[in-house]
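What follows is a single structure, written as structure tokens, with notes after it.
Laboratory data are not the source of any read-out in this text; all were calculated from the coordinates shown. Please read these numbers as outputs of a predicted model, since none were measured by experiment. Neighbour counts run over all protein chains shown; Cβ positions are idealised from the backbone, glycine included.
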Amino acid sequence: MHIHILGICGTFMGGIAVLAKAAGHQVTGCDANVYPPMSTQLEAQGITLIEGFSADQLDLQPDIYVIGNVVTRGNPLMEAILNRGLPYISGPQWLAENVLQGKWVLAVAGTHGKTTTASMLAWILEYAGLAPGFLIGGVPQNFGISARLPGTPKQDTNSQSPFFVIEADEYDTAFFDKRSKFVHYHPRTAILNNLEFDHADIFADLAAIETQFHHLVRTVPGEGLVVANGREESLQRVLQRGCWTPVETFGEMQGGWQASNAAADGSFDVHLEGKPQGRVQWDLLGEHNRMNALATLAAARHVGVPVDVGIAALSEFQNVKRRMEIRGVVNGVTVYDDFAHHPTAIATTVAGLRAKVGGARILAVLEPRSNTMKLGVMKAALPDSLVDADQVYCYGANLGWDATEAFAPIAHKAQVYGDMQVMVDAIAATAQPGDHVLVMSNGGFGGVHQKLLERLGR
């Protein structure tokens with residue numbers, strides 16, 4: 001079958017392209033913006049990319065068009081598809097019908113940490129020899145690719161692994177299906193990592209998102225497992241609305257899965273119902289990563305991975321690209337790339353770097369690029385999210401709100417720029433040997449990382 005994917009360079013749709021190609025389909029796709037790591041991954045897979053959404057792509061005559069949620073009415077290619085009455089389907093529905101059907105799906109949902117947690121979980125299953133398939137909204141460095149079909153487990157070389165790990169996003173499915181993506185996946189094991197207000201462009205308030213999570217919980221079978229963050233009142237409300245599945249919690253002061261005795265090198269002890277299970281030895285920092293780890297140990301145990309094997313796997317886990325990824329060191333200045341874009345994620349990321357670098361200076365560089373951030377819904381929370389940074393540089397172009405006004409509470413250390421090169425020059429002029437420049441955006445940020453490295457090298 002020939003499938004043509006509209007919005008192919010999004011992390012989710014790019015993953016679908018990889019899976020479809022691996023399954024033997026002919027895959028082509030188009031998008032308006034193409035940037036690594038997804039563009040690089042697709043090209044390496046031999047998938048043809050077309051820039052833009054021109055109606056003449058109908059000449060490709062695919063068997064079906066798979067529609068990403070970036071596509072809206074008025075899109076010239078989509079309008080041509082509708083006018084001609086050609087077959088189309090959403091990405092999540094295509095995935096559910098063609099890949100997930102009959103699989104033991106392990107879904108990782110939550111406002112923050114989905115990519116990292118799904119990567120951890122896939123790696124634990126891989127380490128245990130279960131050869132899971134996965135689709136993750138980033139590139140796990142243990143695998144070097146964001147998606148793959150299930151492989152052959154070590155325990156049974158004559159079969160295909162039944163397990164599939166998926167990052168379960170609450171964002172809407174498509175312009176013609178306004179349900180959250182994750183309701184299509186029908187997981188047997190579901191991690192509910194956290195739940196805050198986000199996606200202000202499609203959800204009116206937190207209660208609206210809780211309803212979508214409630215719909216997800218409704219799809220988990222009674223013989224399945226829900227692994228829930230015990231600290232989140234929002235998730236407690238979700239579960240109180242109805243849950244027909246056993247629940248294991250993590251992060252509570254008593255009971256469930258707990259982390260303790262965290263050391264400066266990132267290592268920590270794991271307890272289950274008060275009983276010690278072992279110590280995770282890794283270099284990931286921050287309480288958020290410890291919480292992610294607890295959730296994955298619980299989910300992996302549900303599919304038969306002993307806790308000690310899960311702990312051993314985490315000791316060899318390599319973080320995801322664009323999660324505190326060092327892009328280079330020039331003249332003693334370290335430049336990082338991170339996907340953080342929600343105030344909570346920004347605060348967590350900066351705090352994690354502060355724990356790592358101690359008293360060294362942190363220069364935070366932020367692009368408020370997500371739809372929610374562009375609307376200004378979270379702008380009041382930004383100053384507090386950057387409390388651990390010594391200097392703050394915000395790229396404020398194309399915002400619907402006044403970034404200078406928003407950053408007024410920390411005006412002594414925050415600067416807003418509408419010109420990227422001027423901002424790069426200002427950062428380079430300020431940076432000193434031993435500084436750490438933390439760049440945060442959920443997009444390509446105009447290649448600012450490389451521009452900074454080049455400018456710092458002059």
By Cβ neighbour count within 10 Å, fewest first, Glu287, Glu97 rank Glu97, Glu287
Sorted by chain and then number, the residues having a modelled amide H within less than 5 Å of the amide H of Gly278, at least 5 places away or on another chain, are Val270
Taking Lys413 as the anchor, which lysines have their alpha carbon closer than 19 Å to its alpha carbon, excluding any fewer than eight residues away along the same chain? Lys379
Nearest-0.05 FRET efficiency for Asn398 and Leu58 at R0 = 41 Å, using Cβ-Cβ distance, is 0.80
Where does region 309-394 land on Rg/Rh, using Cα atoms and the Kirkwood Rh? 1.02
Straight-line reach from Lys181: which aspartates and glutamates fall under 13 Å, measuring Cα to Cα and dropping same-chain residues less than 8 apart? Glu167, Asp169, Glu170, Asp172
The answer for the net charge of residues other than Ala208 whose Cβ lies under 14 angstrom from its Cβ, with Lys and Arg +1 and Asp and Glu -1, is -3
Among the DSSP beta bridges whose two residues both lie in the chain, what percent are antiparallel, rounded to the nearest 5? 25 percent
List, in order, the whole-Hz ³J(HN,Hα) value for each residue of region 107-117 obtained from phi through the Karplus relation with A = 6.51, B = -1.76, C = 1.60 and θ = phi - 60°; use x for Gly and Pro. 9, 10, 10, x, 5, 10, x, 4, 5, 4, 5
Over the Cα atoms of region 102-314, each weighted equally, I'd like the Debye log10 I(q)/I(0) at q = 0.08 Å⁻¹, rounded to two decimals. -0.26
Using each residue's phi in region 216-229, evaluate 6.51 cos²θ - 1.76 cosθ + 1.60 at θ = phi - 60° and report the 3J(HN,Hα) Karplus result to the nearest Hz, with x for Gly and Pro. 4, 4, 4, 8, 7, x, x, 8, x, 8, 10, 9, 10, 5
Distance histogram in 10 Å bins (all Cα pairs of region 2-90, percent per bin): 18, 57, 24, 1
Sorted peptide list for 338-347, 45-54, 376-385, criterion being average Cβ within 10 angstrom, highest first: 338-347, 376-385, 45-54
If amide H atoms are modeled at 1.01 Å from N in the peptide plane, then the residues at a separation of 5 or more from Gly113, or on another chain, having amide H under 5 Å from its own are none
Given all pairs of different Cα atoms, what value in angstroms does the Kirkwood hydrodynamic radius of the chain take? 22.9 Å
Kindly state, to the nearest 0.05, the FRET efficiency for Arg84 paired with Lys154, given R0 = 41 Å and r defined as their beta-carbon distance. 0.25
